[in-house]
Protein chains: 4
Amino acid sequence: MIKKNFASDNYAGVHEAILQSLYEANNDSAPAYGGDQHTAKAIEKFREYFGKDAQVFFVFNGTGANVTSLSALTHSYQAIICAASAHIQLDECGAPEKLTGSKLLLTQTEDGKLTPEHIAHHLQRVGDQHHVQPKVISISQSTEYGTLYQVEEIKALADFAHQHQLYLHMDGARISNAAASLQLNFTEFTKEAGIDVLSFGGTKNGMMMGEAVVFLNPSLANHYQYIRKQSMQLASKMRFIAAQFSALLTNDLWRHNAAHANAMATLLANSLKTIPGVTITKKVEANAIFAILPRHVIHALQQRFHFYVWNEIKNEVRLMTSFNTLEAEVEEFIVELKKLI
Amino acid sequence: MIKKNFASDNYAGVHEAILQSLYEANNDSAPAYGGDQHTAKAIEKFREYFGKDAQVFFVFNGTGANVTSLSALTHSYQAIICAASAHIQLDECGAPEKLTGSKLLLTQTEDGKLTPEHIAHHLQRVGDQHHVQPKVISISQSTEYGTLYQVEEIKALADFAHQHQLYLHMDGARISNAAASLQLNFTEFTKEAGIDVLSFGGTKNGMMMGEAVVFLNPSLANHYQYIRKQSMQLASKMRFIAAQFSALLTNDLWRHNAAHANAMATLLANSLKTIPGVTITKKVEANAIFAILPRHVIHALQQRFHFYVWNEIKNEVRLMTSFNTLEAEVEEFIVELKKLI
Amino acid sequence: MIKKNFASDNYAGVHEAILQSLYEANNDSAPAYGGDQHTAKAIEKFREYFGKDAQVFFVFNGTGANVTSLSALTHSYQAIICAASAHIQLDECGAPEKLTGSKLLLTQTEDGKLTPEHIAHHLQRVGDQHHVQPKVISISQSTEYGTLYQVEEIKALADFAHQHQLYLHMDGARISNAAASLQLNFTEFTKEAGIDVLSFGGTKNGMMMGEAVVFLNPSLANHYQYIRKQSMQLASKMRFIAAQFSALLTNDLWRHNAAHANAMATLLANSLKTIPGVTITKKVEANAIFAILPRHVIHALQQRFHFYVWNEIKNEVRLMTSFNTLEAEVEEFIVELKKLI
Amino acid sequence: MIKKNFASDNYAGVHEAILQSLYEANNDSAPAYGGDQHTAKAIEKFREYFGKDAQVFFVFNGTGANVTSLSALTHSYQAIICAASAHIQLDECGAPEKLTGSKLLLTQTEDGKLTPEHIAHHLQRVGDQHHVQPKVISISQSTEYGTLYQVEEIKALADFAHQHQLYLHMDGARISNAAASLQLNFTEFTKEAGIDVLSFGGTKNGMMMGEAVVFLNPSLANHYQYIRKQSMQLASKMRFIAAQFSALLTNDLWRHNAAHANAMATLLANSLKTIPGVTITKKVEANAIFAILPRHVIHALQQRFHFYVWNEIKNEVRLMTSFNTLEAEVEEFIVELKKLI
């Protein structure tokens, strides 16, 4: 029996429109390293969303997008402020430190979201040569807890950042889930809210592989091409990342996929709430659910469903939905859970 | 008019059997990061060629394969001996130094091939704390000049390396072209010849993207999974790299593709040799031709064909053939060249 | 008027016996980079304390000692567990991350001291390729708060470390203050307690400049000479660091200097305790005092005495005594403080 | 018997005026990390030579001066052009690559000196993202072969550098020997010739330890304090480096010491030239002599004199004189050599 996937949106496969786009991009030889028409077209697609000045670059994966973005913004003696739950802190095996040489300055949060108040203390030693110098605030949208920043919250962080000569970076591995949930266009909570550089996720929203680094502050992109190459993130047959993005950004496929994943999470959360002994621990705003389950059911559930135990001690699990999650799978999960309880 | 490609084997698209394999791998959700059946199957394919002990890991691109391999073999105070023409020296934007911290020790060669005699002088300061300590010899097969190491030449380097406590790494971005030309199985000029770690190329032989790092000395792989992740080379939907390799390594597709590219190079070279004013400058053993053309024809040819001028001063160009190069394209190139001369 | 120093033990000058030793080491030419008799002699002095197997290397400064030690113990994908108050975290401008590539995993503590219970949670993701892999626990003795680990506390950490294949590093920038206060020989709370590598401080105990890296687990030193050189910590005229250590380790000068500094701290603390409105916030066990002073006196006091405000919000200051702190200076401080209050 | 030193100018001890200055700097406590009067005074001394705009920083050693300078000038994807014989290439155990992440681009030279013609080819791939981007030219004055750049030669390199948006760095580990030999003030062949950043050597000219980084293009120093600290080159008791420089730059001690070393080299070279079977291989312009000796005498000579065999195959040795080389030692060397021949 194949287990159903509530483990991660990267367990999902590739949306068929994206596969089709790959197929069509394969019609002939084409210049490598992004000198082709497919790449030019995909960049234009991004600029429809983010404006003509946006500098757009494709990379292989989310860690690559984050780390090369941060490399473009920092010297090694500078520091990156982020939530203690950030992907760059917990899930990139130290790639940010290795590649940028910079320290991450952490803030503990309940919901994975930073506020100016949270992070002000990290600026106490600005100008002190013994201490790393903060240069970037990095936030995730949606967060690793499936929560969302509202536009005003991002603006407050951007204002704070820019007042203190910091840049504001967004890890948008799940940016489409955020946009779909907020019912906003990308630009409203990124460029217009003051984000300087954005990691725009594709893989978790139905692509095969590929992410984009979008410089909304275009002057920061001046040397990025070299950083990307030196960071081993330059694809030779780049058209095959570009073509995926072209499909994703056509006919609102990105929104369709993300909205579906979000809807499945809402459905699942609403059902979970009705089950005695189950406690949802984080606000469900995108496609992730964090919930405490009775200890004895977790192992049994994992025989039929892929999902992660987030906190062994608290019996907290993470359930993630995807563009291809079926309503029937959600129902099956609930049925099984009720049976076990 | 679309220009014909003699620029690089990475201008070529994706072989249809590989596209088909991608399509088939997309049938359902599957564990991420290599915990899936497609990845397991592809690793088994590799082991059919390289033996059961081979430790096989998939990465995104050739620079990633080379640099993560070398990271697994070195400390930052150690050094990597390579040809001055090596891809790791000329074409990776300093990624080896950035990621490993190590210095590359160069040897000038005519044909891109190292010999023990060439490199012995780099060992003069072993044990001297002021000087980097050689730890790896890295060779390319086929070389960046399209030339080949014979088995005995590799064995001589491996013996030399191991006598001096060095490892022997092979950049096999075009290993299939080498195997096809040498009419050998991979293992005969890698594992059996003493190679410790191999970057096994897929992209330049008809894949969409993806390379493999193959540890033939399996003890060297102990920590490689962390190096790969920290180096941003861990694909989340890894099955889509694995599935490409499965196709490439099935029914000798790798050999079919590479042999075709090689044959087209031979055809082109043989025709070039008959043209007055054209001099072939490197032995044509795989799918690259280096040739001096009359200066006045180069620019005109570039209007219809993609290719690189290798040496402006000498009017030396590089012509590269691919799995999808057509005989008609070769003929067209020759006709056009003769016309221009 | 020259301000009196309660800022740091590195505001103090050089003990005259150490200056004399420098003078005597200057009698002739001598091999550079440690190949001289002064260096050999100083290493022997260390071995009298730490045993014949100890591998001893001299470096320029404390950050150099810590970072090169940690470099010898880690790969970049590994992590270093330390207190949030550790010098390597707060006061080395990110040198550990820059040089080792490793992440620091922090634990908040009141007294600057780690326990196995504190840090056990950092081992939850051992074996998970997405997360850095802990490899070293680094403790400071005395701590940055002037507190001390008892022998049993160090042994407990060493046992924990070794059970989990971790190394235990000690930042001993003020190790002499610790030894003097604990009335122990160095070896009792380092080698015998299970420390693997030690940064042995000289500068803060009356030397001009110079620290030692002492490998108590000598196999870890195999490649250290290259790490030291590549980390720019190899002194050419090394005899002039060595000669300082020879003096420091002769006739218990180290203990004499440290005990004096400690005694001055005790004297100062005892007087402070009697002053209304003054609260000592950390246990005074070595040569540092942390105290909350009435806000209005701090600025006035700083006109006559150098000291640091540790926490602006809490009006907490740090007062540090040195080998050359005079009893009269302590009294003057107390008199002035009482006057201001 | 103590061997006489012709090995290196860092085998020499400390000039007595410098020791005296250290003694005098030890009169009291003083702020650490350069916030003291001794440091301020030494910086003023430098500005007497290099102008009021010069930004001056003290570090521990020559490798530290070079690497932190180069770090201030480069991003990791950029490259540093230098002679194949440069100290940064041969004698710093890869510290430049490790700390800057940058590649060194080498030029083979007979005399250790670069010219614009030599290095122009390194600019062929400017703008090509696959290749490192040259950003600095680094020259040594005097060179590792004891040769000198004339002012016009430096100006030519500076013009070339600045035309191509490169910086010009000088490794002046032996800058005093150069100035004394050229009979110029420092500024004439550095600032006025177009040098951007200078590593100013102290240790090899009679100091105990310490070098200075002098930014003649002061805007390049903006972040240097953090680079120095993160590179572990910030001395806590900095006054004891500063005081040495104050002495060196007072009453032309630097020139006195260097001129003496140079004179001893000239004396030795002139004598060597008269001995049959001895060939001087490099122009003797500062305090180094490279000479081919009869093979059978080398080992015997090394029983009584420290010196390095530079090239085993050619029987070429390096003889280095110092501020404390005695005329009698030179004569003794010649007598012994003649006896052995």
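The values are calculated or read from the model by the stated rules, or taken from the named source; none is laboratory data. Please read all numbers here as calculations on a predicted model, not as lab measurements. Counting neighbours? That spans all protein chains shown, and the Cβs are built from the backbone with ideal geometry, glycine included.
Pairs please, first residue from the stretch D:132-157 and assigned by TED's automatic domain parsing to the domain that holds residue D:83 and at positive phi, second anywhere and basic (Lys, Arg) and part of a loop (DSSP other than H, G, I, E, B), Cβ atoms under 9 Å, 6+ apart in sequence or on different chains.
Short answer, once both residue conditions are applied: D:146/D:174; D:146/D:282; D:146/D:283.
Where residues in the stretch A:286-301 are of a type outside the set (Phe, Trp, Tyr) and in contact (Cβ under 8 Å) with a residue 60 or more places away in the chain, which of them is nearest to residue A:14 (Cα to Cα)?
If we take residues in the stretch A:286-301 being of a type outside the set (Phe, Trp, Tyr) and in contact (Cβ under 8 Å) with a residue 60 or more places away in the chain, then A:287 is nearest to residue A:14 (Cα to Cα).
Any idea how many residues of the stretch D:82-121 are of a type in the set (A, V, I, L, M), assigned to a helix (DSSP H, G or I) and within 10 Å of another protein chain (Cβ to nearest Cβ)?
3
Just checking, which of D:73, D:22, D:99 is within 21 Å of residue D:250 (Cβ to Cβ) and in contact (Cβ under 8 Å) with a residue 60 or more places away in the chain?
So the residue among D:73, D:22, D:99 that is within 21 Å of residue D:250 (Cβ to Cβ) and in contact (Cβ under 8 Å) with a residue 60 or more places away in the chain is D:22.
Can you name every residue in the stretch C:1-20 that is outside any helix (DSSP H, G or I), among the aliphatic types (A, V, I, L, M) and at the interface with chain D (Cβ under 9 Å from one of its Cβ atoms)?
Matches in the stretch C:1-20: C:2, C:7, C:12, C:14.
Within 22 Å of residue C:234 (Cβ to Cβ) and either in contact with a strand residue (DSSP E or B) (Cβ under 7 Å, 6 or more places away or on another chain) or at pLDDT 95 or above (or both): which single residue out of B:101, B:112 fits that description?
Answer to the selection: B:101.
If residue B:120 passes every condition in (1) small (Gly, Ala, Ser); (2) more than 26 Å from residue B:222 (Cβ to Cβ); (3) in contact (Cβ under 8 Å) with a residue 60 or more places away in the chain but one, which one does it miss?
Going through the list (1) small (Gly, Ala, Ser); (2) more than 26 Å from residue B:222 (Cβ to Cβ); (3) in contact (Cβ under 8 Å) with a residue 60 or more places away in the chain, residue B:120 breaks only (3).
For residue D:255, indicate whether it is assigned to a helix (DSSP H, G or I), among the basic types (Lys, Arg) and more than 14 Å from chain A (Cβ to nearest Cβ).
yes
So in the stretch B:155-214, with the set limited to residues that are small (Gly, Ala, Ser) and in a loop (DSSP other than H, G, I, E, B), which one is farthest from the other protein chains (Cβ to nearest Cβ)?
By that ranking, first place goes to B:193.
If you take the residues of the stretch C:288-312 that are in contact with a helix residue (DSSP H, G or I) (Cβ under 9 Å, 6 or more places away or on another chain) and within 14 Å of another protein chain (Cβ to nearest Cβ), which of them is surrounded by the most Cβ atoms within 10 Å (Cβ to Cβ)?
C:307
In the same structural domain as residue B:143 (by TED's automatic domain parsing), buried (at least 23 other Cβ atoms within 10 Å of the Cβ) and under 30 Å from residue A:2 (Cβ atoms) - does that describe any residue in the stretch B:80-89?
no
Give me the residue from the stretch D:21-74 that is hydrophobic (A, V, I, L, M, F, W, C) and in a loop (DSSP other than H, G, I, E, B) and, out of that set, farthest from the other protein chains (Cβ to nearest Cβ).
The residue in question is D:54.
Residue A:216 is checked against (1) surrounded by fewer than 19 Cβ atoms within 10 Å (Cβ to Cβ); (2) modelled with pLDDT of 95 or more and fails just one. What number does that condition carry?
The one condition residue A:216 does not meet is (1).
Within the stretch A:260-341, which strands (runs of 3 or more DSSP E) (wholly inside it) include 2 or more residues that are in contact with a Leu (Cβ under 7 Å, 6 or more places away or on another chain)?
Strands (runs of 3 or more DSSP E) meeting the threshold: A:288-292, A:316-320.
Answer yes or no: is there a residue in the stretch A:226-246 that is surrounded by fewer than 20 Cβ atoms within 10 Å (Cβ to Cβ) and within 30 Å of residue A:160 (Cα to Cα).
no
For the stretch B:120-147, give me the residue count where each residue is buried (at least 23 other Cβ atoms within 10 Å of the Cβ) and of a type in the set (A, V, I, L, M, F, W, C).
4
For the stretch C:258-266, state whether one or more residues are surrounded by fewer than 18 Cβ atoms within 10 Å (Cβ to Cβ), at pLDDT below 95 and not assigned by TED's automatic domain parsing to the domain that holds residue C:21.
Looking through the stretch C:258-266, none of the residues is surrounded by fewer than 18 Cβ atoms within 10 Å (Cβ to Cβ), at pLDDT below 95 and not assigned by TED's automatic domain parsing to the domain that holds residue C:21.
Conditions tested, residue by residue: (1) within 28 Å of residue D:87 (Cβ to Cβ); (2) of a type outside the set (Phe, Trp, Tyr); (3) under 21 Å from the mean Cα position of the chain (by Cα).
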residue	(1), (2), (3)
B:64	no, yes, yes
B:75	yes, yes, no
B:90	yes, yes, yes
B:112	no, yes, yes
B:128	yes, yes, no
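Exactly one condition in (1) crowded, with 19+ Cβ neighbours inside 10 Å; (2) touching a Lys or Arg at 6+ places or on another chain (Cβ under 7 Å) is not met by residue B:325; state its number.
(2)
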